[in-house]
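Below is one structure, written out as structure tokens, with a few remarks after it.
Derivation of every value follows stated rules applied to the coordinates shown; laboratory data play no part. Note that this is a predicted model, so its numbers are computed, not measured. Reconstructed Cβ throughout: ideal geometry from the backbone, glycine too, with neighbour counts over all protein chains shown.
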């Protein structure tokens, strides 16, 4: 069966189910790659999908077309101590690469926004790499603003002079 790339083809947004985990993980592996985004401060791995599904399943949505998952949005609800505000946090958003710019991500963001509102969120937050101009423009089109620049630094531990010795000690 071939998947329709017609933007008008029926798209269904629904809560992620256990059976979707492997598909969501595989799509994330294709989209969130180190060669495209070397400075991702969170690493996409199976624990991201499983952890969010286990703890915040109602904020994990998939987009389905022709009975295939073609995109996902994974979020969480944050209640800050000593704050009357509850935040919806969109942590991961991905669409099949050949279906980008077909409205799938927009529908996922809209559906997750509505879910956050229904469950009491007053603010929705998202973050992306500062160099990801396409994502920043996308989120601006969806009403996100108040950009706050963060600096994330990384250190390649394999360049440490005792790296191999310390690794060997840790593996014993």
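Listed values, structure above:
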read-out: Acute angle (nearest 10 degrees) that the helix 46-56 long axis makes with the longest principal axis of the chain, alpha-carbon atoms; value: 50 degrees
read-out: Helix 104-118 vs. the chain, principal-axis angle (Cα, 0 to 90°, nearest 10); value: 90 degrees
read-out: Relative contact order (percent, whole number), segment 12-171, Cα cutoff 8 Å, 6+ residue spacing; value: 20 percent
read-out: Simple label model, 7 Å out from Cα along Cβ direction - residue 76 to residue 114, nm; value: 2.6 nm
read-out: Exposure proxy order (Cβ contacts within 10 Å, fewest to most) of 116, 144; value: 144, 116
read-out: Principal-axis tilt of helix 21-31 within the chain, Cα atoms, nearest 10 degrees; value: 70 degrees
read-out: Per principal axis, descending, Cα span of the chain in whole Å; value: 56, 50, 32
read-out: Relative contact order %, segment 85-156, counting alpha carbon pairs below 8 Å whose residues are six or more apart; value: 39 percent
